[in-house]
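Following: one structure in structure tokens, then a few remarks.
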Amino acid sequence: MMSNILKLDANERAKNYEAEIIASIIQKSVLSKVSINRYPDANAIKLRKAYSKYSKIPYENLVAGNGSDELIDLAFSVFAQSKTVVCFDPDFSMYEVYSKKYNASLIKVKTMKLEDLINAARINMASVIVFSNPNNPTGKGFLKSDVEQLVKTFWGTVIVDEAYMDFYNQSVSDLISKYDNLIITKTCSKALGLAGIRVGFLGSTSNNIDKIEQVRSPYNVNSLTQNIATEILSYPKLIAKYIKEVKCSRDDLYSALIAEINDDETQIYESSANFIYIKTKYSSDIYEYLLEKGILIRSFEDGIRITAGNIEDNVKLVSELKRAISLAKEGRRGYQNERAV
């Protein structure tokens, strides 16, 4: 794989933090004062308090983790062990991995309607409903009022994965103290741009937090991660500025895609996250063509997911994607001829 590849596959922050922010972290001795010979704060108290200030979730109702992946894993271990779980199809691929890990039966619902999750749960006597909001990979966002209705209606545990909620405004985080069956997970890998240091949070009632703590490994968030994330969280205006930029980039990309490649065979989904999903039967050919052109996207069986990049990234992506689809429609021979040029 070429070294200068344009990565639009993992929904990461398109650019790193400004040099002055990195310098601030060093100047404040966030890194130099970390005692690497000592274990980190097992309870990540400063980090949880910093995220509490940012998210408005009481820090007592938060568990910090090595990315939200770890926390979803822990939630499955406590609430889904050998039970039936219902989720959307498509949705975050790790739900299936954790279901297998904990011997849970996974029922998938293809309609993207919350009421159908409840119906599937009722038919299959499920104990857990899990879904991402906004949905990954389609970008569909669900209204807070509708999610609350699901939580009120469902008799089991509801895990709402809010990895992309910083780009949306329908979080149910303020409802965790109201419903004992509600668990939310958050990540700092997307809007906060901290994918490389792995940090996320789980929020719920104190009763559920206690259950999660019983299975959480000690020192699961290292000292460097705790200190860097705590410092970054002290720049809420910078984070908000970046979120605004990403949403503009996403909307511009969506408009460009609609204008350039929208047709009867291609469905472009409007997104509430930081990516665009395109349903197409040519996903495999498109993926391979773009990779040859130095662009990495995420490919699914019946579609592709593209992270919104900066202006130059989006322009390059749309141009090459238009060509990839055109070649795919011409047939595999045309695609192979293009690769050989």
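The values are calculated or read from the model by the stated rules, or taken from the named source; none is laboratory data. Keep in mind that what you see is a predicted model, and the values were worked out from it rather than measured. As a convention, Cβ positions derive from the backbone with ideal geometry for all residues, glycine included, and neighbour counts pool all protein chains shown. For the accessible areas, the whole protein counts, side chains as well, though only heavy atoms, and no ligand, DNA or RNA atoms are used. Shrake-Rupley method; radii C 1.70, N 1.55, O 1.52, S 1.80 Å.
Miscellaneous remarks
- Of all residues in segment 33-48, exactly one satisfies the criterion of being part of a helix (DSSP H, G or I) and open to solvent by 100 Å² or more (accessible area, probe 1.4 Å), namely Lys46.
- Hey, Leu327 touching a helix residue (DSSP H, G or I) at 6+ places or on another chain (Cβ under 8 Å), open to solvent by less than 20 Å² (accessible area, probe 1.4 Å), modelled with pLDDT of 95 or more and assigned to a helix (DSSP H, G or I) or not: no
- Residue match in segment 31-42 (condition: modelled with pLDDT under 95 and hydroxyl-bearing (Ser, Thr, Tyr)): yes
- Across segment 8-44, the number of residues qualifying as closer than 26 Å to Lys241 by Cβ and not small (Gly, Ala, Ser) comes to 18.
- Residues of segment 128-169 that are open to solvent by 40 Å² or more (accessible area, probe 1.4 Å), in contact with a Phe, Trp or Tyr (Cβ under 8 Å, 6 or more places away or on another chain) and not in a helix (DSSP H, G or I): Lys140 alone.
- Residue count for segment 288-302, restricted to those that are assigned to a strand (DSSP E or B) and among the charged types (D, E, K, R): 1
- Single residue of Lys83, Lys101 found to be open to solvent by 60 Å² or more (accessible area, probe 1.4 Å), modelled with pLDDT of 95 or more, closer than 27 Å to Asp180 by Cβ and more than 24 Å from the chain's Cα centre (by Cα): Lys83
- When every residue of segment 209-231 is checked against the conditions, none turns out to be within 30 Å of Leu8 (Cα to Cα), open to solvent by 10 Å² or more (accessible area, probe 1.4 Å) and touching a Cys at 6+ places or on another chain (Cβ under 9 Å).
- Inter-residue pairs, beta-carbon under 6 Å, first within 16 Å of Asn133 (Cα to Cα) and in segment 64-93, second in a helix (DSSP H, G or I) and among the small types (Gly, Ala, Ser), 6+ apart: Val86/Ala120; Val86/Ala121
- First in segment 45-59 and farther than 18 Å from Ala240 by Cα, second anywhere and charged (D, E, K, R) and open to solvent by 20 Å² or more (accessible area, probe 1.4 Å), Cβ under 9 Å, 6 or more apart: Leu47/Asp41; Arg48/Glu60; Tyr59/Arg48; Tyr59/Lys49; Tyr59/Lys53
- Pick from segment 109-119, criterion of a type outside the set (A, V, I, L, M) and closer than 20 Å to Gly141 by Cβ, ranking: surrounded by the fewest Cβ atoms within 10 Å (Cβ to Cβ): Lys110
- Cβ-Cβ contacts under 7 Å between residues 6 or more apart (or on different chains), taken from a first residue in segment 136-150 that is farther than 13 Å from Glu115 by Cα and hydrophobic (A, V, I, L, M, F, W, C) to a second residue that is open to solvent by less than 10 Å² (accessible area, probe 1.4 Å) and modelled with pLDDT under 95, are absent.
- Candidate set: segment 253-287, residues that are part of a helix (DSSP H, G or I), in contact with a Ser or Thr (Cβ under 7 Å, 6 or more places away or on another chain) and open to solvent by 10 Å² or more (accessible area, probe 1.4 Å); chosen: the one nearest to Gly141 (Cα to Cα): Tyr254
- For Met125, the conditions (1) on the phi < 0 side of the Ramachandran plot; (2) modelled with pLDDT of 95 or more; (3) assigned to a loop (DSSP other than H, G, I, E, B) are fulfilled apart from (1).
- Some residue of segment 120-127 being closer than 22 Å to Asn169 by Cβ, touching a residue at least 12 places away in the same chain (Cβ under 8 Å) and open to solvent by less than 20 Å² (accessible area, probe 1.4 Å): no
- Set Lys237, Lys178: member being in a helix (DSSP H, G or I) and either touching a Pro at 6+ places or on another chain (Cβ under 7 Å) or open to solvent by 60 Å² or more (accessible area, probe 1.4 Å) (or both): Lys237
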